[in-house]
Amino acid sequence: MSAPNSLLIVGCGDVGSRLGQRMADAGWRVLGMRRNVAALPAGIEPVAGDLHADPCPADWPRQPLDYLVYCAAATQHDEAGYRAAYVDGLRRTLGWLALHGQRPRRIL
């Protein structure tokens, strides 16, 4: 039997958690990254991390990832907040993938 597909949801808040639960119910291995991992629903493996910090999260998965969904939300609703979430956070995420030699099939 082959291993289940793996999915990392970066910014696993309300929308990401709903996606994660559906994928976990379908048999996928789901990891969810957010600052407060205690808020993750059952079935989603926690990855504690902050998109506003340059260092790679200590919990970042070491195994290959099949898919990554970037689902972050801005904490400030101004130009700086949107840049931090949608430009800088994504840049950091892509850097962390490269740091670990991970090349997901798809990044959404």
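The values are calculated or read from the model by the stated rules, or taken from the named source; none is laboratory data. Keep in mind that what you see is a predicted model, and the values were worked out from it rather than measured. Reconstructed Cβ throughout: ideal geometry from the backbone, glycine too, with neighbour counts over all protein chains shown. The area values use the complete protein model at the heavy-atom level, side chains included, leaving out ligands, DNA and RNA. Shrake-Rupley method; radii C 1.70, N 1.55, O 1.52, S 1.80 Å.
Taking amide H as placed 1.01 Å from N in the peptide plane, the amide H of Leu65 sits under 5 Å from that of Arg103, each at least 5 places away or on another chain. The simple spin-label model puts a point 7 Å past each Cα toward its Cβ; for Thr75 and Leu108 those points are separated by 2.6 nm. Within the chain, DSSP assigns beta bridges of which about 0% are antiparallel (rounded to the nearest 5).
Shown here for the stretch 74-108: trypsin sites (Lys or Arg not before Pro) in loop regions (DSSP other than H, G, I, E, B) with at most 16 other Cβ atoms within 10 Å, namely Arg105. Given R0 = 30 Å, the distance between the Cβ atoms of Leu90 and Asp59 translates into a calculated FRET efficiency of 0.95. In this simple spin-label approximation, His52 and Ala26 carry label points 7 Å from Cα along the Cα→Cβ vector, and these lie 3.3 nm apart. Using the Kirkwood radius built from alpha carbon pairs, what does the Stokes-Einstein equation give as D for the stretch 29-82 at 10 °C and 1.306 mPa s, in µm² per second? Estimated diffusion coefficient is 126 µm²/s. Relative to the longest principal axis of the Cα atoms of the chain, the long axis of helix 14-25 makes an angle of roughly 10 degrees. Using the Cβ of Gln76 as centre and a radius below 14 Å, the other residues enclosed give a net charge of -2, where K and R count +1 and D and E count -1. Would you calculate, for the chain, the mean residue ellipticity at 222 nm contributed by helices, counting each DSSP H stretch of 4 or more residues as -39,500 (n - 2.57) and dividing by all residues, to the nearest 500? Helix-only estimate at 222 nm: -7500 deg cm²/dmol.
Length gained on full extension, His100 to Asp66: 10.9 nm, using 0.36 nm per residue less the C-alpha separation.
Solvent-accessible area of the chain (1.4 angstrom probe, protein heavy atoms only): carbon and sulfur portion equals 54 percent.
Using only the Cα atoms, work out Rg/Rh for the chain, with Rh taken as the Kirkwood radius, to two decimals. Rounded to two decimals, Rg over Rh is 0.95. Remark: the stretch 68-108 carries 65 Å² of accessible area per residue (probe radius 1.4 Å; ligands, DNA and RNA excluded).
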